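These notes concern the structure reproduced below.
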Amino acid sequence: MRPETMASKLKALNDWVDDVARLTRPDSIRWCDGSDAEAAALRAEMLADGTLVELNQDTHPGCYLHRSNPSDVARVEHLTLVCSKNQEDAGPNNHWMDPAEAHAKIDALFDGCMQGRTMYVMPYCMGPIDSPLSRCGVEITDSPYVVANMRIMTRMGAAALARIEREGTFVKGLHSIGELDPERRFIMHFPEELTIKSYGSGYGGNALLGKKCHALRIGSWQARQEGWLAEHMLIVGIENPQGETHYVAAAFPSACGKTNLAMLIPPEGYRKAGWKVWTVGDDICWMRPGKDGRLYAINPEAGYFGVAPGTSRSTNPTAMETIAHDTIFTNVAVTADNQPWWEGLPHGTPVTDWQGRPYDAANGPAAHPNSRFTVSAKQCPSWSPHAEDKQGVPISAIVFGGRRPSLVPLVFEARDWTHGVLVGAAMGSETTAAATGAVGVLRRDSMAMKPFCGYNYGDYFAHWLSFDKPGAKLPKIFHVNWFRKGDDGKFLWPGYGENLRVLEWIIDRCKGAVGAQETPIGHVPRKDDLHLDGLAIDGTALDTLLEVDPMGWAAEVADIGHYLDSFGARTPEKLKAEQRRVAAALANA
Ligand code: GDP
Ligand code: PGA
Ligand code: MN
Ligand code: MN
């Protein structure tokens, strides 16, 4: 680490660090260089003070557990604000506060908050360090756990600092865990100032500022101004037996299957035939048109912050292999021999729950439903050899999806870009444990960006539509639903690896190599259009998965119309016209 006297070559950065130190009054300042020695020293300190607990090093070398404050285990949407000068620019999709008022409010919390603590200054790069699509930031924090996670999730340290010094600009992120008091907690974004201020939470999405705060909220704002897209999407490469790889970008809300789809293991028959799946990203995608008119995407992150519960050898063996070593686990349970444990693992018995109490089923699940692993992408066996390509990978298909227990078919294809933007805008999903609040409530979550779009959704829809221009070779747009339930409340589709069957149809549609049935909501595969050999699923389940109920859809599309109107004059007329077109097609069906 650089001693505190050794500031950067960039005056704007030094001045900001000085200002923050004057406000927060830390005992010492450390500039992070991202080195192994620095990480080892920090880990030793965290083990000594209990921030980290060592897990069984024989079974899980390099793995540690962090237990959060029990009131601090998820994103807090009601305390997350976009503080643009003009309230309308933040839109009804965001909580807003006047920037001057917001600064005053949060600076009062930051005042003296780092006394007795060390202040860490972390330069980081979102995206491959040499990519023109990447963007840099500096996060200041008083949490060594945040430093350890940011080191995995971003390119953090000396190389990022050198890029920042060269470019002269960076996103400023100030974070303190404060008192971890939910009454004294805010996650504020000042897009016009490229600034983030986060106080009172140590949880991933609230505290690792490179991730949701920078790469999505500030990123989406920058992307609109600069003509690109910052999206809540995984990026996966599907290689067929002929050796062709097609890249798919897919937006699902938090805890709706992005990490799993990004690491999919092909079903046995596909594997034997030579299909391979390559992981580029599991949560965030930055994409822009290339010279050839196609969209090219990078993953701005360097690691995975994945949901632990439900991850097992049968659902996601790739993730299991990825997290077998050198992983930080947050809020999982532990077994008698000190191995990490969560619901969905077939082996092992929890003895200590996520709060460190003796496990008692009466207290609820042993692992928190939003317990997580943080691990370097490089450890993933399916990590794409093109994941660090500085020009990004070309996207063949964009997929939207969510948790829809009824109505929405397994997959359908939008007729064109405008219809696809409507399909994305209309997305709905049941809420999950990734954010505090009720779970299982259906809500609209356009493009899976409801918690992350840093500006007015109406303007965002217009920005999406603007990509359809002469010379553009845009990806086809699809919608999937792995979460349709039968009358017994069980999922009708087996999901996970079997989702490759749906991706195959999607890619074949992009190539014009497979059929579909035209319906008012888009193109839906007929049973024969999907390869279902070797799949244990009964015919009636499949009928339900592929059916389009015109009455149910008419009500859904009417509701989408009201939803689009909720963004007032900012909703593009072209999108409303598209909604009316679909409504009319349903009325005539
Ligand atoms: P992410 O937060 O969007 O990255 O979602 P994850 O991939 O971590 O998955 C969240 C939860 O959904 C986990 O409990 C998974 O086991 C579960 N899940 C993921 N994919 C599927 C699927 O295809 N079918 C079903 N039924 N569950 C899934
Ligand atoms: P997720 O990422 O989408 O993998 O759940 C974290 C989050 O969105 O809070
Ligand atoms: Mn996410
Ligand atoms: Mn994930």
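The values are calculated or read from the model by the stated rules, or taken from the named source; none is laboratory data. In this text, all values refer to a predicted model and were calculated from it rather than measured experimentally. Virtual Cβ from ideal backbone geometry, glycine too; neighbours counted across all protein chains shown.
Can we say G204 is within 16 Å of ligand 4 (Cβ to nearest atom), in contact with a Ser or Thr (Cβ under 6 Å, 6 or more places away or on another chain), touching a residue at least 12 places away in the same chain (Cβ under 8 Å) and over 17 Å from C83 (Cα atoms)?
No; evaluated as a whole, the condition is false for this residue.
Could you list, in sequence order, all residues of the stretch 405-463 that are part of a loop (DSSP other than H, G, I, E, B) and either among the charged types (D, E, K, R) or not assigned by the TED database to the domain that holds G515 (or both)?
Listed by number, the residues that qualify are R415, D416, D445, K450.
I'd like the residue in the stretch 272-295 that is within 16 Å of ligand 3 (Cβ to nearest atom) and β-branched (V, I, T) and, out of all such residues, is farthest from L503 (Cα to Cα).
Among residues in the stretch 272-295 that are within 16 Å of ligand 3 (Cβ to nearest atom) and β-branched (V, I, T), the one farthest from L503 (Cα to Cα) is I284.
So, in the stretch 236-259, how many residues would count as being within 16 Å of ligand 4 (Cβ to nearest atom), part of a loop (DSSP other than H, G, I, E, B) and more than 15 Å from M447 (Cβ to Cβ)?
Residues flagged as within 16 Å of ligand 4 (Cβ to nearest atom), part of a loop (DSSP other than H, G, I, E, B) and more than 15 Å from M447 (Cβ to Cβ) within the stretch 236-259 amount to 2.
I'm checking my understanding of the structure. Among residues of the stretch 448-474 that are basic (K, R) and more than 21 Å from H78 (Cα to Cα), which one is nearest to ligand 4 (Cβ to nearest atom)?
Per the stated criteria, the residue is K473.
Could you pull out every one of the strands (runs of 3 or more DSSP E) wholly within the stretch 260-366 that has 3 or more residues that are free of Cβ contacts under 8 Å to residues at least 24 places away in the same chain and within 16 Å of ligand 4 (Cβ to nearest atom)?
No strands (runs of 3 or more DSSP E) qualify here.
Do you know which of the residues in the stretch 498-537 that are within 21 Å of H419 (Cα to Cα) and among the acidic types (D, E) is surrounded by the most Cβ atoms within 10 Å (Cβ to Cβ)?
Restricting to residues being within 21 Å of H419 (Cα to Cα) and among the acidic types (D, E), the top hit is D508.
Identify, by number, the condition in (1) farther than 30 Å from R184 by Cα; (2) within 16 Å of ligand 4 (Cβ to nearest atom) that L216 doesn't meet.
Single failed check for L216: (1).
Among the listed residues I187, I218, I177, which satisfies the condition of being closer than 26 Å to N86 by Cβ, more than 15 Å from ligand 3 (Cβ to nearest atom) and either at pLDDT below 95 or not aromatic (F, W, Y) (or both)?
Of I187, I218, I177, the one residue that is closer than 26 Å to N86 by Cβ, more than 15 Å from ligand 3 (Cβ to nearest atom) and either at pLDDT below 95 or not aromatic (F, W, Y) (or both) is I218.
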